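Encoded as structure tokens, the structure appears first; notes follow it.
The values are calculated or read from the model by the stated rules, or taken from the named source; none is laboratory data. Just so it is clear, the structure is predicted and the values come from calculations on it, not from any experiment. Cβ placement follows ideal geometry from the backbone for every residue including glycine, while neighbour counts extend to all protein chains displayed. Calculation scope for accessible area: heavy atoms of the full protein, side chains included, ligands and nucleic acids excluded. Shrake-Rupley method; radii C 1.70, N 1.55, O 1.52, S 1.80 Å.
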Amino acid sequence: MIKSIDDESLGSWLIERLRNRYDIAKFGFISSFIRRGDRNPFKILVATILSQNSTDKAAMAAYRNLEKIVDITPSSIAKLNSKVIASAIKPAGLHRSKAEAIKKLSRIIITKYGGDLSNLLKKDVIDARRELMELPKVGPKTSDVLLVSMGILKTVPVDTHISRIAKRLGLVPLKADYETIRKRLDEIFREDDRYEAHLLLILHGRETCKAINPLCNECVINERCAYYKSLIRQNYICTRT
Ligand code: SF4
């Protein structure tokens, strides 16, 4: 664990460095795109499911295709044939299972929440999070992205990039699970910075801290990185210029 500076100053330092390096507005995050609209929780949920194991660009194309053939509401989607949904969302990949899930969760929202996902979100945040995770294809990350996008929860949803970076930085043990990582990042980042930290860390994972061959010498946060320090110790990286 990194203990040389306290959590709050580490969070401020990380976010400043990443802000100066990446321009979130230039990247087409589907969650930001949908969030900028009418903040409809069902649309955000559908978009987030489409983005699972996909790129934001592909998920956006799938979302737009779906929008062309149907109103993105539980009642309209529940009436559609799964094959029609699957065909529309094909660009996002895993289209058959995503189509089944989107149709199934539409039906659940109709029967359990009167056709309006907002009714679920009115519950206590812990209950809302738990019930969201009972919906098909909704795990902790998808649930947290929705709750954060709706301004209900201030946390750092953890995707595969964020998990990798947190471990390499030495913020959490290598075998840390989703909740351990999320809670640790919540300790580090101020409440109002958490959504931005989520987006910046995803960009950092895509652009620099890649799964294979991370670009450590170009990394703006390498001073605080346990993985980088271990490379220097093992003489894999020479710091002299
Ligand atoms: S120094 Fe390397 S491993 Fe550490 S955060 Fe930067 S890119 Fe990732």
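Brief remarks follow.
- Test: residue 127 is of a type outside the set (A, V, I, L, M), loosely packed, with under 15 Cβ neighbours inside 10 Å, more than 16 Å from the ligand (Cβ to nearest atom) and part of a helix (DSSP H, G or I): yes
- Inside the range 83-120, residues that are over 12 Å from residue 46 (Cβ atoms) and open to solvent by less than 20 Å² (accessible area, probe 1.4 Å) make up a count of 3.
- Hits in the range 185-197 - residues which are assigned to a helix (DSSP H, G or I) and more than 16 Å from the ligand (Cβ to nearest atom): 186, 187, 191, 192, 193, 194, 195, 196
- The residues in the range 225-238 that are more than 8 Å from the ligand (Cβ to nearest atom), surrounded by 14 or more Cβ atoms within 10 Å (Cβ to Cβ) and not in a helix (DSSP H, G or I) can be counted, and the count is 1.
- Taken together, the residues in the range 202-224 that are touching a residue at least 12 places away in the same chain (Cβ under 8 Å) and more than 6 Å from the ligand (Cβ to nearest atom) amount to 10.
- Subset tally (residues that are touching a helix residue (DSSP H, G or I) at 6+ places or on another chain (Cβ under 6 Å) and open to solvent by less than 10 Å² (accessible area, probe 1.4 Å)) for the range 173-196: 3
- Qualifying residue in the range 138-145 (condition: surrounded by fewer than 16 Cβ atoms within 10 Å (Cβ to Cβ) and modelled with pLDDT of 95 or more): yes
- Annotation note: of 172, 148, 138, the sole residue that is more than 14 Å from the ligand (Cβ to nearest atom) and assigned to a loop (DSSP other than H, G, I, E, B) is 138.
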